[in-house]
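Below: one structure, written as structure tokens.
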Amino acid sequence: MRALLPTARNASVYTVVIGLAIVWIVFQLLNDNYLSARNLSNLLLQIAVLGTLAIGMVMVLVLGEIDLSVGAIAGVSAATLAILITQQGAPAWVAILAALAVGAAIGLLHGTIITAFGIPSFILTLAGLLVWQGVQLAAVGDGGQIPIRDEFVRAIASTYVTPAFGWVLAALVVLGAAAVRVVTRRRRIRNGLDVPPVSNEVVAVAATAVFVGVVTWVLNSYFGIPWVFVLVLALMLGCTVLLGGTSFGRHMYAIGGNREAARRAGIRVKRTTIIVFVLISAIAALAGIIEASRQFSASNALGGGTLQLNAIAAAVIGGTSLFGGRGRIYHALLGALVVGSVQNGLDLLGQPAAIKNIATGVILVIAVVVDALGRRRRIARGATD
Amino acid sequence: MPAVTPETGGRAFEPGLRPTLELSRVTKRYGQVAALTDVDFSVSAGEVVALVGDNGAGKSTLVKAIAGTHRIDGGEIRVDGHPVSIGSPKDATALGIETVYQDLALCDNLDVTANLFLGRERRRAKSALLDSEGMESQAKAIIADLAAHLPTLDKPVSALSGGQRQAIAVSRAALWGSRVVLLDEPTAALGVAQTAMVYDLVRKLRDRGLAVVVISHNMADVFAVADRIVVLRLGRNAGEFDPLTARPDQVVAAITGSDAIGGAA
């Protein structure tokens, strides 16, 4: 959770947070209900799928690759889930595991072809988009959708944590953030490294506590924290540790930064690439399960439309570079919040899909321009150092 | 044979001192083209050997053979007197041989510490997590030890100058190389002050007891840092010089083959 707090080292986060604040203020001025607990809770439900896809997208972008097929993979995974539950009568957990396994297998196939033949991931996953959309259409069949009546699957995206347990979760998050700081501090001292003053650490933990407390309080004043939001946060936490705390993650950044240097340093570039494609596809499958839970069905349109383009947009708006080597998992949530907030606001104002698409596109351009300007400044500063 | 004294402290031409790295009658062919023919080469601990030659003389091929990028077709490579087979860069690093490539092979998006430990990250005990603090502390130590002038270690290296980047690449070799460090054209793109800093780093590597090989075009480089100069021409040995006694024009003559003299004693 520490990663959620902007640090001095990552100034671009401030830009996104300020942008998000502006979006919220503007829409609140246009519509009093925008910042209501009810709408914010809806917003979190709306961005769950987008945020999940964007988490996977950040990972492939960091590696210097891209995946255009995540929406179609979500569709195939949802179809798998629905067929197993509704047509085969499989228990929910079996169907969920199978849907995730189908996603992972698709990723294994993508990654293997990309690395074995040196094909750009852009092309291979574009082909994948067509293939898996076809598979999805065939699997869902003529009806256009397969309903899901299983209570557990339906509950994923439509139930809330009880307020009391919500506070327990909030306390765990704050304690976890504090524990990470204490452990890091102790380790730095033990290794003879300088540490920030204790007051800084206390302020940071207090800020986390206030932030988490406010979010919990707002959500509890409606129905509580959506379970699906807890799920997305848990996924974020896991992926953040993977990218920031393990040598596997370090190798991902190295490959995205300088593939040849990574190879010469003995990093197994192909293996890492394949694993990342397995991960993003499994995450896309999870997004498909969440969306099926939201719709109570797997339709042939699930995961289609602008969803996967929005996932790329969210990752980039959040601050992840399209050119590899730069990006953090929390960028996915930030970007999804920006995209989701704008779309939700325009919905609230009764604007059509046309306006929503145009607005999202314009925001993407603004984000990329701000990033480019920032990078130019950083380079200029670096050169004079 | 005189007794081997490992603590002779370094300078070249110690007869009987067993070289750290020794290549004898090494041959490498690319199809019909003979890139190296019966080349002998050796470098001892605490010695800087400059490997010079014109384009196509076989310097890069020799470096690649030692670094494990290319396998030799004939001849023998010995490390500390034992015959070894170097078939991949992993084999070379396992033998304590590190290479500083001309393009440095740094990841611009990663910080100094991450680059020093690239591909060889340290983990915490009984955990999959990185030992970031241990790595940072070790990075600090090696950089202080080499007096490589680097700003904070947690900056992406894209923000650093050419000389500072070279210093990172050399520090990485010093951190991991336990026997031999190869530097390919280490001053090619550097200014005067930065070149002097790299010379300094090379001498420090030698003083740490490493066997150092510097590949260069630049006579000033060669005479500034080398204890011994080995010349290759058209894939064969074309002379060996002591920079204290030889003149640059003699070395140049050996490189170009314009004169029959060779210092090979």
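Considering only residues of the stretch A:180-197 that are open to solvent by 90 Å² or more (accessible area, probe 1.4 Å) and assigned to a helix (DSSP H, G or I), which is nearest to the other protein chains (Cβ to nearest Cβ)? Break it down into steps so the answer makes sense when it comes.
Step one: list which residues in the stretch A:180-197 are open to solvent by 90 Å² or more (accessible area, probe 1.4 Å), which gives A:186, A:189-190, A:194.
Filter again for assigned to a helix (DSSP H, G or I), leaving A:186, A:189-190.
Working: A:ARG186: 9, A:ILE189: 9, A:ARG190: 7 Å.
In this case the residue turns out to be A:ARG190.
Tell me the strands (runs of 3 or more DSSP E) entirely within the stretch B:54-160 that contain at least 1 residues that are closer than 21 Å to B:GLU185 by Cβ. Walk me through it before giving the result.
Values: elements: B:74-79, B:82-84, B:97-100.
Fully inside the stretch B:54-160 and qualifying: B:97-100.
So if I check each of B:ALA193, B:ALA246, B:ALA220, B:ALA226, which one is more than 30 Å from B:GLY119 (Cα to Cα) and surrounded by 24 or more Cβ atoms within 10 Å (Cβ to Cβ)? Break it down into steps so the answer makes sense when it comes.
On the way: B:ALA193 fails: surrounded by 24 or more Cβ atoms within 10 Å (Cβ to Cβ); B:ALA246 fails: surrounded by 24 or more Cβ atoms within 10 Å (Cβ to Cβ); B:ALA220 fails: surrounded by 24 or more Cβ atoms within 10 Å (Cβ to Cβ).
Every option except B:ALA226 fails the conditions.
Okay, residues lined up against (1) of a type outside the set (Val, Ile, Thr); (2) closer than 28 Å to A:MET57 by Cβ:
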| residue | (1), (2) |
| --- | --- |
| A:ALA171 | yes, no |
| A:ALA178 | yes, no |
| A:VAL195 | no, no |
| A:VAL202 | no, no |
| A:VAL205 | no, no |
| A:MET236 | yes, yes |
| A:SER247 | yes, yes |
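Restricting to the stretch A:153-179, name every residue that is buried (at least 16 other Cβ atoms within 10 Å of the Cβ) and within 14 Å of chain B (Cβ to nearest Cβ).
Listed by number, the list is empty, since nothing qualifies.
Quick one: in the stretch A:75-102, which of the residues that are open to solvent by 50 Å² or more (accessible area, probe 1.4 Å) and among the polar types (S, T, N, Q) is farthest from A:ALA298 (Cα to Cα)?
Looking at the filtered set, the residue picked out is A:GLN88.
Applying the selection to the stretch A:30-44, what residues are of a type outside the set (S, T, N, Q), open to solvent by 30 Å² or more (accessible area, probe 1.4 Å) and not in a helix (DSSP H, G or I)?
A:ASP32, A:LEU35
Do you know which residues across the stretch A:242-255 are facing chain B (nearest Cβ under 7 Å) and either open to solvent by 10 Å² or more (accessible area, probe 1.4 Å) or free of Cβ contacts under 8 Å to residues at least 12 places away in the same chain (or both)?
Kept after step one, since they are facing chain B (nearest Cβ under 7 Å), are these residues of the stretch A:242-255: A:245-247, A:250, A:253-254.
Residues satisfying the conditions are A:GLY245, A:THR246, A:SER247, A:ARG250, A:TYR253.
For the stretch A:282-330, give me each residue that is open to solvent by 40 Å² or more (accessible area, probe 1.4 Å), closer than 22 Å to A:PRO120 by Cα and within 14 Å of another protein chain (Cβ to nearest Cβ).
Hits for the stretch A:282-330 are A:LEU322, A:PHE323, A:ARG326.
Being within 9 Å of chain A (Cβ to nearest Cβ) and open to solvent by less than 10 Å² (accessible area, probe 1.4 Å): is that true of B:LEU182 here?
Details: within 9 Å of chain A (Cβ to nearest Cβ): no; open to solvent by less than 10 Å² (accessible area, probe 1.4 Å): yes.
Taking the combined requirement at face value, the residue does not satisfy it.
State which residue is nearest to the other protein chains (Cβ to nearest Cβ) when the search covers only the stretch B:153-175 and only residues that are among the small types (Gly, Ala, Ser) and within 13 Å of B:THR99 (Cα to Cα). Reasoning before the result, please.
Initial filter on the stretch B:153-175 (among the small types (Gly, Ala, Ser)): B:158-159, B:161-163, B:167, B:169, B:171, B:173-174.
Checking which are within 13 Å of B:THR99 (Cα to Cα) leaves us with B:169, B:171, B:173-174.
Working: B:ALA169: 10, B:SER171: 14, B:ALA173: 12, B:ALA174: 16 Å.
The residue in question is B:ALA169.
Across the stretch A:263-281, what is the total count of residues that are without any contact (Cβ under 8 Å) to a residue 60 or more places away in the chain, closer than 18 Å to A:ILE114 by Cα and crowded, with 19+ Cβ neighbours inside 10 Å?
Going through the stretch A:263-281 one residue at a time, the tally reaches 1.
Of the conditions (1) farther than 17 Å from A:ILE114 by Cα; (2) away from chain B (no Cβ under 14 Å); (3) at pLDDT 95 or above; (4) more than 20 Å from the chain's Cα centre (by Cα), A:SER221 fails just one. Which one is it?
So A:SER221 meets the others, but not (3).
The values are calculated or read from the model by the stated rules, or taken from the named source; none is laboratory data. These figures come from a predicted structure and were not determined experimentally. Note that each Cβ is placed from the backbone with ideal geometry, even for glycine, and that neighbours are counted across all protein chains shown. Side chains are part of the model used for accessible areas, which takes the heavy atoms of the whole protein and leaves out ligands, DNA and RNA. Shrake-Rupley method; radii C 1.70, N 1.55, O 1.52, S 1.80 Å.
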